[in-house]
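Each remark here refers to the structure printed beneath this line.
The values are calculated or read from the model by the stated rules, or taken from the named source; none is laboratory data. Values in this document were obtained by computation on a predicted structure and should not be read as measured data. Cβ placement follows ideal geometry from the backbone for every residue including glycine, while neighbour counts extend to all protein chains displayed. We work out accessible area using only protein heavy atoms, side chains counted, and drop any ligands, DNA or RNA first. Shrake-Rupley method; radii C 1.70, N 1.55, O 1.52, S 1.80 Å.
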Amino acid sequence: MDDLKPLLAFAAVLEHGSMNAAAQALGMTPSAVSQHISRLEKLHGVKLLHRSTRRLAPTDAGQALAAHCRRLLATVQDTRTALDGLKTDIAGSVRLAAPTGLVNAAAFQHALRRIRREHPALSLELHFGEAIEELREGSIDIALRGGGHALDEPDLVARRLAEWPWQICAAPGYLKTAPDITHPADLAAHPWVYHLPPHIELARGNERYLLNIDRGTVCNQLAAVCHLCEAGLGLALIIAGETRDAVAQGRLQILLSDWQLPAVTLYAVTPHRVQAARTAAVLRILQESFMGEAEAT
């Protein structure tokens, strides 16, 4: 047990990159953090950190110890969160990050309404943007992520919410005067609106077609892609969960519906497995709302 604080101090230095940042995270002084690590090195007769005026880097011995210390730090954080979760009142603030395109998703809107209705003492802070939020810094409690980079960090905990296929969409008004689209080869002749240039494979039976669009109107927000597509600015590639209401209400039309496109899996990602009661309540409602939409489809 005498080694616990030094091990946690070492883990914090590795996580935050400096004595000062680790000290702030642990509620200690930088001098105390340094003393803990020096004590650990002296006690076990190994050098754990290369120290210089510019940076700290683990030695080979430090790297060998790092994974164990990170697990120890995560266990301590989970324990503290579990203690917070013993409180029965679901109140306070939960910080939720999501791509802007989810603003249009019926399941997400339904979840927000349920959270407000069922937990009036809970306050949501919504952070919309296309960049992947850094959960380890503590500024975000839950991040909704999709696509190939959603699970790039293996120590984060991901809960599957939905699997939505991509769809090629256009506004009915645009299609009235546009050239016919009967095959993927026809798509390049039309104007496009996108966040990233569409490079995607379409499949129909044994037939494959690689869609490769490199010209169009570029939007820095996914939500804007859907709105501009509805306004008749051109074709757009949008995941199904974001177009459900627009298609049902006739504002968008799905093109080449007999062709299959890849799907995006959406996850709710958290930095720890154990959650405070307020965060657990939001996670539960998100999972139920997205699952309910999938069952209704």
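Residues that are within 23 Å of Gly173 (Cβ to Cβ) and outside any loop (DSSP other than H, G, I, E, B) were ranked within the stretch 250-264; the one that is least open to solvent (accessible area, probe 1.4 Å) is Leu255. All conditions but one from (1) over 30 Å from Ile37 (Cβ atoms); (2) within 23 Å of the chain's Cα centre (by Cα); (3) modelled with pLDDT of 80 or more apply to Ile140; the one that does not is (1). Apart from one condition, Asp78 fits all of (1) open to solvent by 40 Å² or more (accessible area, probe 1.4 Å); (2) under 30 Å from Ala276 (Cα atoms); the exception is (1).
All conditions but one from (1) outside the structural domain of Arg208 (by the TED database); (2) in a helix (DSSP H, G or I); (3) among the β-branched types (Val, Ile, Thr) apply to Val247; the one that does not is (1).
Only one of the numbered conditions (1) more than 25 Å from Glu125 (Cα to Cα); (2) among the hydroxyl-bearing types (Ser, Thr, Tyr); (3) open to solvent by 30 Å² or more (accessible area, probe 1.4 Å) is violated by Tyr267, and that is (1). For the stretch 27-40, which positions are out of contact with any strand residue (DSSP E or B) (no Cβ under 8 Å at 6 or more places or on another chain) and either surrounded by 14 or more Cβ atoms within 10 Å (Cβ to Cβ) or part of a helix (DSSP H, G or I) (or both)? Passing the criteria: Met28, Pro30, Ser31, Ala32, Val33, Ser34, Gln35, His36, Ser38, Arg39, Leu40. Here is a check on your reading of the model: is Leu211 over 28 Å from Glu125 (Cα atoms) and open to solvent by less than 20 Å² (accessible area, probe 1.4 Å)? When the stated conditions are applied, Leu211 passes them.
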